[in-house]
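Undergrad: Have a look at the structure that comes next, please.
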Amino acid sequence: MRPVSFYAGAVAAVLLAQVPLSAQTASFTVLSGASYQPVVAPDSWAVAFGTALAQTTATATLDAATGQWPTVLGGTTVQVNGQAAELYYVSPGQINFLVPDGTAFGSLSVVITNASGATRSASVQVQNTAAGIFSSNSSGSGPGAILNGVTYAAAPFLVVTPQNGGSDLRTRLAVYCSGVRWAGNPTHDTTVTNVAANVTAQGQDPAGNQYTLTVEYAGAAPGFFGLDQVNIVLPAQLDGAGAVSLTITAEGTASNVVTFLVDTLPASDIALTSLTLSTGEITGGNSATGTVSLNGLAKAGGFPVSLRSSIATLQLPFLVTVAQGQVSASFTISTSTTGIVQNATITALAGSVSETAALEIDPVSLAQLGSFSVTPLSVQGGTSLTGTLGLTAPAALGGVNVQVSSDNAAVAPPTSVTIQGNNTSTTFTIPTTTVTTAQTANLTATLGNTTLTAQATVVPPLQLTLAASSVTGGSSVTGTVTLGKAAPASGANITVTSSASTVAQPPATVNIPAGQTTATFTITTYTVTAARTVTITATYAAGGLLPQSAMLTVNPQAAALLQSLTVAPTTVTGGTSATGTITLTGPALSGGLVVQLRTSSILTGVPLSATVPQGQTTATFTITTLPVVSAQTVTITATAGTVTETATLTVNVN
């Protein structure tokens with residue numbers, strides 16, 4: 001089903017005019033405008049909650065000429081990592097804005113400037129996708145902003161929509177969301193309009209049963225700038241389920257949970273929808289399983305389905321009943337041995353609806369597909385692979401045609417390969433195309449009921465990969481350069497450069513030894529005060545190959561926190577000293593970390609503070625004691641920011 005449109009006025013009223021969840025104590029907080037989760041994606045709606053964010057309240061109007069929202073609204077602007085964001089709504093307590101496309105990933109700054117020129121800043125986590133479903137009550141939970149994708153009707157829904165037309169009347173729902181349009185498309189290629197293959201939907205009924213829902217479309221929603229849409233198919237099992245919980249996942253990140261209502265399909269509308277067989281081809285003497293399915297749950301008394309076969313020797317029941325509360329029922333089909341190939345048609349009848357399925361019964365001696373392989377496992381794009389097919393018995397005199405396919409256009413096998421009569425195997429050539437990034441193809445060979453798979457990888461002439469796309473400044477990351485074919489006898493010298501050598505610095509040259517295809521190297525990064533994205537580029541000039549680049553985000557170090565306070569020894573004699581040790585969660589930042597100290601007894605003394613030097617994780621201080629007339633237990637306290645740690649010291653009599 002194609003994506004359906006959603007009326008702009010309804011979206012504006014229901015989806016974007018959100019209200020603050022609670023009072024904010026920080027300067028302001030940036031969340032997903034759909035889910036209220038603390039992560040956003042490029043081209044997704046975000047919301048800032050705070051105080052005194054704008055000096056007025058204003059709602060934007062889409063510019064019909066440019067198809068964009070304004071970047072200045074009520075005298076207020078928002079910048080994400082230095083890029084101006086388009087604005088939909090501003091008020092003193094809330095701003096709704098569109099995260100700019102092209103924004104780097106990582107923890108990025110958000111700067112709000114109001115009409116008086118007052119500037120406030122915060123940070124937000126940005127990643128390629130941040131799935132969030134809009135809710136009808138603007139809370140991020142409860143009923144979702146979901147419509148029937150054909151009739152545009154709101155909940156409750158039925159699992160069947162007669163207005164679909166055709167034979168497939170299953171209901172399609174349009175789920176309105178944000179942050180999913182670039183799933184599986186990190187380069188933001190605008191020619192990729194449907195990313196359904198990279199988005200999953202999970203439903204759960206009130207009884208706790210879970211359903212993986214088919215996603216037919218995921219991408220930008222037409223008719224409203226910045227809104228995303230996911231179209232899902234309702235399975236018959238959800239007939240009459242009531243409140244169904246829905247979660248959408250993109251690139252491993254799950255959305256918030258919303259609900260939608262599914263009503264019960266009337267008994268008069270329950271109908272047979274399909275007849276399927278466990279196999280389309282079987283060796284005579286064996287059995288197969290048939291399954292009849294309905295468009296909803298069978299009602300009281302069950303739903304009877306009549307069965308018949310075009311071959312009298314095929315054994316199957318005359319009637320199978322789908323039990324009450326079920327959507328399908330299975331039955332056994334028994335076959336007899338045969339000396340020739342027989343083709344049977346199985347028919348299921350219920351009311352005015354009939355469904356058929358074909359079954360081929362083969363003699364024991366008929367050759368089957370036994371093996372399928374592709375060599376080598378990896379090649380440089382533009383060169384060929386070799387496929388090998390094998391049978392379990394010699395092919396008949398006329399030969400056997402095996403169907404071959406690939407799920408990636410970079411690997412293009414012939415659609416049909418013939419194994420000649422009396423032969424048990426054959427080889428064939430599989431062309432590949434030039435690629436700019438490594439491509440993996442899954443190839444499938446099919447003969448009758450047997451399907452076998454093989455996998456091959458096509459690589460570019462030169463490839464650059466990084467072990468991590470984001471690191472903390474001051475740490476290192478490993479890079480790998482890979483050639484599509486082995487380096488020559490003199491080796492291959494790869495030049496590696498950085499777009500900001502003061503942020504990330506690779507070695508100037510990396511050598512791939514003769515006969516090898518890969519080499520690794522280390523990129524050193526330096527501390528930064530704000531997230532920086534650096535381009536690392538590999539060039540093989542002698543090979544005449546196109547340069548390859550990879551992006552690396554260098555993030556500022558997180559402020560170290562007080563982790564523990566220890567005292568050694570833990571027992572001393574009055575008049576002697578002990579040593580206190582402060583430990584942080586990480587290296588102290590510039591200027592070091594000052595830790596305040598105090599003791600619970602005047603019989604012991606500690607300095608007012610101790611400083612953990614920059615780059616260090618520990619510091620020590622001396623604890624002095626006075627003579628005592630009886631054993632004393634003293635508590636030493638260390639405080640840094642909001643974290644407090646304690647340790648005890650026992651002071652004994654001399």
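Undergrad: Of everything in segment 369-386 that's part of a strand (DSSP E or B) and among the small types (Gly, Ala, Ser), which residue is nearest to Glu281 (Cα to Cα)?
TA: So, considering only residues that are part of a strand (DSSP E or B) and among the small types (Gly, Ala, Ser), the one nearest to Glu281 (Cα to Cα) is Gly370.
Undergrad: Given the options Tyr152, Tyr176, Tyr217, Tyr211, name the one that is farther than 17 Å from Val257 by Cβ and in contact with a helix residue (DSSP H, G or I) (Cβ under 7 Å, 6 or more places away or on another chain). Step through it out loud before you land on a result.
TA: On the way: Tyr152 fails: in contact with a helix residue (DSSP H, G or I) (Cβ under 7 Å, 6 or more places away or on another chain); Tyr176 fails: farther than 17 Å from Val257 by Cβ; Tyr211 fails: farther than 17 Å from Val257 by Cβ.
One residue alone meets the criteria, Tyr217.
Undergrad: Does segment 32-52 hold any residues that are assigned to a strand (DSSP E or B) and hydroxyl-bearing (Ser, Thr, Tyr), and which are they?
TA: From segment 32-52, those assigned to a strand (DSSP E or B) are 32, 39-40, 45-50; that's our starting set.
Within segment 32-52, just Ser32 meets the criteria.
Undergrad: Among the residues of segment 150-202, count how many are under 25 Å from the mean Cα position of the chain (by Cα) and outside any loop (DSSP other than H, G, I, E, B).
TA: Residues in segment 150-202 being under 25 Å from the mean Cα position of the chain (by Cα) and outside any loop (DSSP other than H, G, I, E, B): 14 in total.
Undergrad: Among the residues of segment 397-428, how many are hydroxyl-bearing (Ser, Thr, Tyr) and in contact with a Pro (Cβ under 8 Å, 6 or more places away or on another chain)?
TA: 3
Undergrad: Further question on the same structure: Test of understanding: among Thr356, Thr332, Thr347, which residue is of a type in the set (Ser, Thr, Tyr), touching a Lys or Arg at 6+ places or on another chain (Cβ under 7 Å) and modelled with pLDDT of 95 or more?
TA: The conditions single out Thr347.
Undergrad: Please enumerate the residues belonging to segment 354-368 that are outside any loop (DSSP other than H, G, I, E, B) and surrounded by 15 or more Cβ atoms within 10 Å (Cβ to Cβ).
TA: Listed by number, the residues that qualify are Glu355, Ala357, Leu359, Glu360, Ile361, Asp362.
Undergrad: Going by the structure shown, is Ala542 aliphatic (A, V, I, L, M), more than 30 Å from Ala631 (Cβ to Cβ) and part of a loop (DSSP other than H, G, I, E, B)?
TA: No; evaluated as a whole, the condition is false for this residue.
Undergrad: Right, another one. Only residues that are assigned to a strand (DSSP E or B), small (Gly, Ala, Ser) and out of contact with any Phe, Trp or Tyr (no Cβ under 8 Å at 6 or more places or on another chain): list them for segment 292-310, please.
TA: Ser293, Ser309
Undergrad: Please tell me if Leu597 is surrounded by 16 or more Cβ atoms within 10 Å (Cβ to Cβ) and within 43 Å of the chain's Cα centre (by Cα).
TA: Taking the combined requirement at face value, the residue does not satisfy it.
Undergrad: Does segment 624-648 hold any residues that are farther than 11 Å from Leu565 by Cβ and surrounded by 13 or more Cβ atoms within 10 Å (Cβ to Cβ), and which are they?
TA: Answer for segment 624-648, where residues must be farther than 11 Å from Leu565 by Cβ and surrounded by 13 or more Cβ atoms within 10 Å (Cβ to Cβ): Thr624, Thr625, Leu626, Val628, Gln632, Val634.
Undergrad: Okay, next question. Within segment 524-531, can one find any residue that is without any contact (Cβ under 8 Å) to a residue 40 or more places away in the chain and within 30 Å of Leu584 (Cβ to Cβ)? Let's see the steps before the verdict.
TA: So in segment 524-531, the residues without any contact (Cβ under 8 Å) to a residue 40 or more places away in the chain come out as 529.
Those still in the list that are within 30 Å of Leu584 (Cβ to Cβ) too: 529.
Looking through segment 524-531, at least one residue is without any contact (Cβ under 8 Å) to a residue 40 or more places away in the chain and within 30 Å of Leu584 (Cβ to Cβ).
Undergrad: Which condition number in (1) more than 30 Å from Thr539 (Cβ to Cβ); (2) surrounded by 20 or more Cβ atoms within 10 Å (Cβ to Cβ) is the one that Thr446 fails?
TA: (2)
Undergrad: Regarding Ala441, is this residue assigned to a strand (DSSP E or B) and in the same structural domain as Ser310 (by TED's automatic domain parsing)? Can you show your working first?
TA: Values: assigned to a strand (DSSP E or B): yes; in the same structural domain as Ser310 (by TED's automatic domain parsing): no.
In short, no.
Undergrad: If you don't mind, another one. For segment 92-111, give me the residue count where each residue is outside any strand (DSSP E or B) and over 29 Å from Asp189 (Cβ atoms).
TA: Of the residues in segment 92-111, 2 are outside any strand (DSSP E or B) and over 29 Å from Asp189 (Cβ atoms).
Undergrad: Select from segment 301-358 the residues that are within 45 Å of the chain's Cα centre (by Cα), more than 30 Å from Leu265 (Cβ to Cβ) and hydrophobic (A, V, I, L, M, F, W, C) and list them in ascending order.
TA: Within segment 301-358, just Ala344 meets the criteria.
Undergrad: May I pose another question? Which ones in segment 137-149 are in a loop (DSSP other than H, G, I, E, B) and either free of Cβ contacts under 8 Å to residues at least 12 places away in the same chain or of a type in the set (Val, Ile, Thr) (or both)?
TA: Asn137, the sole residue that qualifies.
Undergrad: Here are the criteria: (1) over 40 Å from the mean Cα position of the chain (by Cα); (2) part of a strand (DSSP E or B). Tell me which single one Pro607 does not satisfy.
TA: In the conditions (1) over 40 Å from the mean Cα position of the chain (by Cα); (2) part of a strand (DSSP E or B), Pro607 misses (2) alone.
Residue by residue, here is whether (1) in contact (Cβ under 8 Å) with a residue 12 or more places away in the chain; (2) more than 25 Å from Gly252 (Cα to Cα); (3) more than 27 Å from the chain's Cα centre (by Cα) holds:
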| position | (1), (2), (3) |
| --- | --- |
| Ala85 | yes, yes, no |
| Ile95 | yes, yes, yes |
| Leu98 | yes, no, no |
| Gly106 | yes, no, no |
| Asn114 | yes, yes, yes |
| Gln125 | yes, no, no |
| Asn128 | yes, no, no |
| Ser135 | yes, no, no |
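Undergrad: Okay, moving on. Looking at Thr517 and the list (1) polar (S, T, N, Q); (2) farther than 23 Å from Thr383 by Cα; (3) crowded, with 18+ Cβ neighbours inside 10 Å, which single condition is not satisfied?
TA: Evaluating Thr517 over (1) polar (S, T, N, Q); (2) farther than 23 Å from Thr383 by Cα; (3) crowded, with 18+ Cβ neighbours inside 10 Å leaves (2) as the failure.
Undergrad: Of (1) at pLDDT below 95; (2) assigned to a loop (DSSP other than H, G, I, E, B); (3) under 30 Å from Val341 (Cβ atoms), Thr451 satisfies all except one. Which?
TA: (2)
Undergrad: Listed residues Thr313, Thr289; which is outside the structural domain of Thr171 (by TED's automatic domain parsing), part of a strand (DSSP E or B) and either free of Cβ contacts under 8 Å to residues at least 60 places away in the same chain or under 23 Å from Thr161 (Cα atoms) (or both)?
TA: From the options Thr313, Thr289, the qualifying one is Thr289.
Undergrad: Find the residue count for segment 53-91, including only residues that are assigned to a loop (DSSP other than H, G, I, E, B), within 21 Å of Ser27 (Cα to Cα) and of a type in the set (A, V, I, L, M).
TA: Adding up the residues that qualify gives 4.
The values are calculated or read from the model by the stated rules, or taken from the named source; none is laboratory data. What you are looking at is a predicted structure, and each value in this text was computed from that prediction instead of being measured. Neighbour counts run over all protein chains shown; Cβ positions are idealised from the backbone, glycine included.
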